[in-house]
Amino acid sequence: MNPPPPATSEPSQAVTPESLRKEYEAGATVDELVTASGLSYGTVLNRLHDAGTEMRTSWQTRRMRQDPQARQRLAAHLRTLYEQHGKTLAELAAAAGETRRGARRLLIEAGGTVRTTQQTLRVQAAARAAERHKLALSLRSRYESGASVPVLAEESNYSVATVYRLLHAANTRIRPQHSHGPTPPSGSQP
């Protein structure tokens, strides 16, 4: 184990884990941090880990350095998915080929604000309700143009009862049910 550095004002004392993390997240490599700080490779790694830094692979560093605009476009795209489509951090991570933490960082870089779990659940519930309302209006349109409820149920892969519920939710005027018995002869009253 290395002895602790002497209590002097050498540059290594001024290098905090947070400052190393900021430089690393801005795109610096560990080797570059070693050269700039005068610390050993292991010390830089330990300080990065102490600051909770998520380490990149070499290909992620190369990709980030090759095209910073691509990173900005990816971050903006993730923000759109998150804010307008209600995606979760896990879904963003899958879309970006990142970890959840990496996707979170990109979202924040793009100016997004991370939701709480409750906020995410509310956004997803609202999205499902909007989709259900859209389906109800579509069924209403088809019903009013003459399609029967059993046909709508078969086409939409829902039960007849669900189609009726959706039609009622869309304020559809339901046609009277037809009598399935024999037609009464004309002139006679039922």
Exercise for review: Identify the residue in the range 19-50 that is at pLDDT below 90 and part of a loop (DSSP other than H, G, I, E, B) and, among all such residues, is farthest from R62 (Cα to Cα).
Suggested key: G38
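Residues are listed down the side, and each one gets a yes or a no for (1) surrounded by 13 or more Cβ atoms within 10 Å (Cβ to Cβ); (2) under 17 Å from the mean Cα position of the chain (by Cα):
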position: D31; (1), (2): no, no
position: R56; (1), (2): yes, no
position: G86; (1), (2): yes, yes
position: R100; (1), (2): yes, yes
position: R104; (1), (2): yes, yes
position: A130; (1), (2): no, no
Practice item. Scan R63, R56, R79 and give me the residue that is over 17 Å from I108 (Cβ atoms) and among the charged types (D, E, K, R). Key: R63
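Output yes when any residue across the range 139-146 is under 30 Å from Y82 (Cα atoms) and not in a loop (DSSP other than H, G, I, E, B), and no when none is.
yes
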Practice item. Can you tell me which residue among S138, S145 is loosely packed, with under 14 Cβ neighbours inside 10 Å, of a type in the set (S, T, Y) and farther than 30 Å from R73 by Cβ? Key: S145
Exercise for review: All but one of (1) open to solvent by less than 50 Å² (accessible area, probe 1.4 Å); (2) within 24 Å of A90 (Cα to Cα) hold for H49, so report the exception by its number.
Suggested key: (1)
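Can you tell me which residue among A70, A76, A90, A103 is part of a helix (DSSP H, G or I) and out of contact with any helix residue (DSSP H, G or I) (no Cβ under 8 Å at 6 or more places or on another chain)?
On the way: A70 fails: out of contact with any helix residue (DSSP H, G or I) (no Cβ under 8 Å at 6 or more places or on another chain); A90 fails: out of contact with any helix residue (DSSP H, G or I) (no Cβ under 8 Å at 6 or more places or on another chain); A103 fails: out of contact with any helix residue (DSSP H, G or I) (no Cβ under 8 Å at 6 or more places or on another chain).
On inspection, the qualifying residue turns out to be A76.
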Revision key, fill the gap. When the range 34-46 is checked residue by residue, the ones that are surrounded by 15 or more Cβ atoms within 10 Å (Cβ to Cβ) and in contact with a helix residue (DSSP H, G or I) (Cβ under 7 Å, 6 or more places away or on another chain) are V34, S37, L39, V44, L45
Practice item. Could you tell me which residue of the range 107-128 is nearest to V160 (Cα to Cα), considering only residues that are open to solvent by less than 50 Å² (accessible area, probe 1.4 Å) and either part of a loop (DSSP other than H, G, I, E, B) or touching an Asp or Glu at 6+ places or on another chain (Cβ under 7 Å) (or both)? Key: R115
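The values are calculated or read from the model by the stated rules, or taken from the named source; none is laboratory data. Just so we're clear, the structure is a prediction, and the values are computed from it rather than from any experiment. Cβ: placed from backbone, ideal geometry, glycine included. Neighbour counts: every protein chain shown. Calculation scope for accessible area: heavy atoms of the full protein, side chains included, ligands and nucleic acids excluded. Shrake-Rupley method; radii C 1.70, N 1.55, O 1.52, S 1.80 Å.
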